[in-house]
Amino acid sequence: MSECIFCRIAAGEIPADIVANDDEFIAFRDLHPLAPTHVLVVPKRHLRSLDEIEAFGDAAAGRMLRFTAAAARSAGVATSGYRVVSNTGPDAGQEVDHLHWHIIGGGPLGGMV
Ligand code: AMP
Ligand code: ZN
């Protein structure tokens, strides 16, 4: 059994509030939301962070972008707007060492970036 919490969610071993799901990716609501809508997009293949994206391949990386936009639509924030963030490494405060993108929205987000 994997030690990685996102691998375990992707395998269905840990429950999650799933927003979108296909063979390669899963999107589910963050346990500790930072905004009214806060969804995580996770590839089912384990990659440590965005820094390993080359190992994923251009086609899969492109599909992850497409999946992310579809997940934002499913979460109901495509029209109102949202932000996509990927914490990568210690200075970004990455807590879970499995590549993931945060989709945050559901209200004005301010000017963080
Ligand atoms: P990061 O700092 O980018 O690594 O963010 C990891 C995110 O995963 C945090 O926002 C956590 O709240 C979230 N998280 C951790 N465990 C779970 C879980 N079991 N289900 C949903 N979200 C989780
Ligand atoms: Zn993993």
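When the Cα gyration tensor is reduced to axis lengths a ≥ b ≥ c, the ratio a/c is 1.5 or higher for the stretch 22-77, and with a/b above b/c it is classed as prolate.
Shape of the chain from its Cα gyration tensor (a ≥ b ≥ c, root eigenvalues): rounded if a/c is under 1.5, otherwise prolate when a/b > b/c, or oblate?
It is rounded, given that a/c, with a ≥ b ≥ c, falls under 1.5.
Calculated mean residue ellipticity at 222 nm for the chain: -7000 deg cm²/dmol, from DSSP H runs with n ≥ 4 weighted as -39500 (n - 2.57), summed, divided by the residue count and rounded to 500.
Label sites at Arg48 and Val84, each approximated as a point 7 angstrom past Cα along Cα to Cβ, lie 2.4 nm apart.
Only Cα pairs under 8 Å and 6+ residues apart enter the sum, and on that basis the relative contact order of the stretch 5-105 stands at 32 percent. Separation of the stretch 1-65 and the stretch 97-112, taken as the distance between their Cα centroids, equals 14 angstrom.
Using a probe radius of 1.4 Å on heavy atoms only, what accessible surface per residue do you get for the chain? Whole Å² is fine. Display every interim value, and only then the final one.
Numbers: 6600 Å² over 113 residues.
Solvent-accessible surface per residue comes out at 58 Å².
Remark: the Cα gyration tensor places the stretch 47-94 in the oblate category, a/c being 1.5 or greater and a/b not exceeding b/c.
Each Lys and Arg adds +1 at its Cβ and each Asp and Glu adds -1 at its Cβ; summed about the Cα centre, the chain shows a dipole of about 420 debye. In this structure, Ala61 and Val113 have a Cβ-Cβ separation that, at R0 = 22 Å, corresponds to a calculated FRET efficiency of about 0.60.
The values are calculated or read from the model by the stated rules, or taken from the named source; none is laboratory data. Worth saying up front: this structure is predicted, and the values here are computed from it rather than measured. Cβ coordinates were reconstructed from backbone atoms using ideal geometry, including for glycine residues, and neighbour counts include every protein chain displayed. These accessible areas exclude ligands, DNA and RNA; they are computed on the full protein's heavy atoms, side chains included. Shrake-Rupley method; radii C 1.70, N 1.55, O 1.52, S 1.80 Å.
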